[in-house]
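Trainee: I am attaching a structure below and will ask some questions about it afterwards.
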Amino acid sequence: MPPSPRGLPAIPVLHRGAGWAAVDKPPGLPIVAERQKPGQTPLLDAIAAALGAGALLVVHRLDRDTTGVLLVATEPDAHRDLSIQFQRRLVRKEYLALVRGDVLAAEGKVDASLERDPSRPGHMRVARPGRPGKRALTRYEVVERFRGYSLLRVRPRTGRMHQIRVHLAHEGFPLAVDPDYGGGEALLLSTLKRGYKPPRDRPEAPLLGRLALHAAALALRDPGTGETVRIEAPLPDDLERALRALRKYARGKPIRRDPEPPATPSA
């Protein structure tokens, strides 16, 4: 990966195809502005530097503080192909979400239409009765349980704005850190470790101080070769740190999954 220009974050390149690439997005950098003004914001400038490319085309969005797999295109044809795959729901998306609450079912789904929240510009909500909204479907399974928290693998089948955040909050387990949709401001060690005394001379540094959501993987068809490609992004350091603390100080019950029925012998 080429060095990033001074002042820009270094962006790891996860995969590169003909006319497109997948990168590992860091937290704290928005994408909305890049879609309106390509190449005019720190994130796209940093990605362009990592790829040694000029102007880029963003294929899809992640929230400002969501980390993980982000697709960009360097050629219009690749951008068009990938965008159509997203529009036709051919791309398989997989997220890891750390949520508040004990999610009892090993797996589940949320099938609830979404609409814009008129009382909060830039936010979404589950559509009110009698209002159509936009169809949204999210499936999830429990990866790990802790006292008061759960780690979920989430697979959204649609791509609505803030879909995962709204759906999980609607089910009663918002992201562990998500003040906009019912989560906390930060995850602190003092809330997990009994007897822990935070420093008196300065604020306690959070284990996780941003949205507890990571775009872990994407599976798609390579526009150039037609082959299926699965791209994975490693856990970011802050989320890994939070999970280590939860395993140490808030260990939960193991997950029990129903065994699959035996296969029926063929005639």
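The values are calculated or read from the model by the stated rules, or taken from the named source; none is laboratory data. Not measured: the values here are computed from a predicted model. Reconstructed Cβ throughout: ideal geometry from the backbone, glycine too, with neighbour counts over all protein chains shown.
Trainee: Would you check if D77 is within 20 Å of V229 (Cα to Cα) and either without any contact (Cβ under 8 Å) to a residue 40 or more places away in the chain or not in a strand (DSSP E or B) (or both)?
Mentor: yes
Trainee: Restrict the check to segment 132-139 and report whether at least one residue is in the same structural domain as L187 (by TED's automatic domain parsing), part of a strand (DSSP E or B), of a type in the set (S, T, N, Q) and in contact (Cβ under 8 Å) with a residue 12 or more places away in the chain.
Mentor: yes
Trainee: Turning to a different aspect of this structure: I'd like the full set of residues that are part of a loop (DSSP other than H, G, I, E, B), loosely packed, with under 15 Cβ neighbours inside 10 Å and modelled with pLDDT of 95 or more, limited to segment 225-267.
Mentor: T225, G226, E227, P234
Trainee: May I ask you to say which residue of V126, V154, V166 is farther than 23 Å from A242 by Cα, touching a helix residue (DSSP H, G or I) at 6+ places or on another chain (Cβ under 8 Å) and β-branched (V, I, T)? Walk me through it before giving the result.
Mentor: Values: V154 fails: farther than 23 Å from A242 by Cα; V166 fails: farther than 23 Å from A242 by Cα.
That would be V126, the only listed residue that is farther than 23 Å from A242 by Cα, touching a helix residue (DSSP H, G or I) at 6+ places or on another chain (Cβ under 8 Å) and β-branched (V, I, T).
Trainee: Ok, one more. Scan segment 185-222 for residues that are buried (at least 16 other Cβ atoms within 10 Å of the Cβ) and among the basic types (K, R) and jot them down.
Mentor: Hit for segment 185-222 is R210, nothing else.
Trainee: Can you find even one residue in segment 207-229 that is touching a strand residue (DSSP E or B) at 6+ places or on another chain (Cβ under 8 Å) and free of Cβ contacts under 8 Å to residues at least 24 places away in the same chain?
Mentor: Yes; the residues of segment 207-229 include at least one that is touching a strand residue (DSSP E or B) at 6+ places or on another chain (Cβ under 8 Å) and free of Cβ contacts under 8 Å to residues at least 24 places away in the same chain.
Trainee: Continuing with this model, one more query. Return yes when L62 is among the aliphatic types (A, V, I, L, M), in a loop (DSSP other than H, G, I, E, B) and over 27 Å from H123 (Cβ atoms) and no when it is not.
Mentor: Here the answer is no, as L62 does not meet what is asked.
Trainee: Just one of P198, P234 is over 30 Å from W20 (Cα atoms) and outside the structural domain of D77 (by TED's automatic domain parsing); which is it?
Mentor: Just a single option satisfies the conditions, and that option is P198.
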